[in-house]
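Q: Pasting in a structure now, in structure tokens, and then I'll have a few things to ask.
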Amino acid sequence: MVGLRERKKQRTRRALIEAALRLFDEKGYEETTLAEIAAAAEVSTRTFFSYFASKEDVLFYDSEYGIERALAFLAAPAPGQEPAALLRDLIEDTLSPSGEGQEVWSEHVSMRLRLIMSEPPLQARALHLLYDSQLRLARVLREAYPDRLDPVEAAAVVGALIGAVKLAVMSTLADGLPVEEARDAARRAADVALRGLSR
């Protein structure tokens, strides 16, 4: 049961995220100030810094949640579950998440992608997060299958899978296609990337 204080914090965080994304879309990322985000969310700038260190952090608000969720998923394969099946289940879980994870497939996904691809600081942050998450995922996958995968195999399959899925989603959304088609593209890309591991 979530307490009143925690619900209020969640509402404030959500208000900051919504305000920032709306302003980024309307004014542009560089042109939007922290003070404007705080004012639009009806909080002080000081309150903003209680939730986010920078406006860049607002754009990547769900990154750590998604990584932690994926790490926990890979760390707990079902008895006898093959690595390829576990990874395929991970992609499906990511594409059909519950709770906070659903935000990644919100109406903001195309706008966030557009901003990330057009702003060099955001590109750099996205690449850092991508490399860091892949290293962490490969390490956990290796630990889940110590007798099946060596470090190179774990790194290769994670790199191929994440790269294939992310690029498929990005190219689909960049073509102006709906989010549901991006989900389908991600599933197809995952199947292609995992074929080698299934042999």
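The values are calculated or read from the model by the stated rules, or taken from the named source; none is laboratory data. Just so we're clear, the structure is a prediction, and the values are computed from it rather than from any experiment. Reconstructed Cβ throughout: ideal geometry from the backbone, glycine too, with neighbour counts over all protein chains shown. Protein only, heavy atoms only, side chains kept; ligands, DNA and RNA dropped before computing areas. Shrake-Rupley method; radii C 1.70, N 1.55, O 1.52, S 1.80 Å.
Q: Given (1) modelled with pLDDT under 90; (2) not in a helix (DSSP H, G or I), where does PRO77 come up short, assuming only one miss?
A: Against the list (1) modelled with pLDDT under 90; (2) not in a helix (DSSP H, G or I), PRO77 comes up short only on (1).
Q: Being open to solvent by 90 Å² or more (accessible area, probe 1.4 Å) and either under 29 Å from LEU137 (Cβ atoms) or at pLDDT 90 or above (or both) is the requirement here; does ARG11 meet it?
A: Yes.
Q: Continuing with the same structure: Does LEU161 count as at pLDDT below 90, within 16 Å of LEU74 (Cα to Cα) and surrounded by 15 or more Cβ atoms within 10 Å (Cβ to Cβ)? Before you say what the answer is, go through the steps one by one.
A: On the way: at pLDDT below 90: no; within 16 Å of LEU74 (Cα to Cα): yes; surrounded by 15 or more Cβ atoms within 10 Å (Cβ to Cβ): yes.
Judged against the criteria, LEU161 is not a match.
Q: Say whether the condition of being on the phi > 0 side of the Ramachandran plot and at pLDDT below 95 is met by at least one residue in segment 86-94.
A: No: zero hits.
Q: Related question: Any residue at all in segment 104-125 that is under 19 Å from ASP93 (Cβ atoms), assigned to a helix (DSSP H, G or I) and hydroxyl-bearing (Ser, Thr, Tyr)? Lay out the reasoning, then the answer.
A: Going through segment 104-125, the residues under 19 Å from ASP93 (Cβ atoms) turn out to be 104-106, 109.
When the remaining residues are screened for being assigned to a helix (DSSP H, G or I), the result is 104-105, 109.
From the residues that got through so far, the ones that are hydroxyl-bearing (Ser, Thr, Tyr) too are none.
No, that holds for no residue.
Q: PRO146 versus (1) part of a loop (DSSP other than H, G, I, E, B); (2) farther than 20 Å from ASP89 by Cα: which is the lone unmet condition?
A: (2)
Q: Being of a type in the set (Val, Ile, Thr) and open to solvent by less than 60 Å² (accessible area, probe 1.4 Å) narrows it down to one of VAL109, VAL152, so name that one.
A: Unique residue meeting the criteria: VAL109.
Q: Could you please find all residues in segment 168-183 being surrounded by fewer than 20 Cβ atoms within 10 Å (Cβ to Cβ) and either more than 17 Å from LEU90 (Cβ to Cβ) or β-branched (Val, Ile, Thr) (or both)?
A: The answer is MET170, SER171, ALA174, ASP175, GLY176, LEU177, PRO178, VAL179, GLU180, GLU181.
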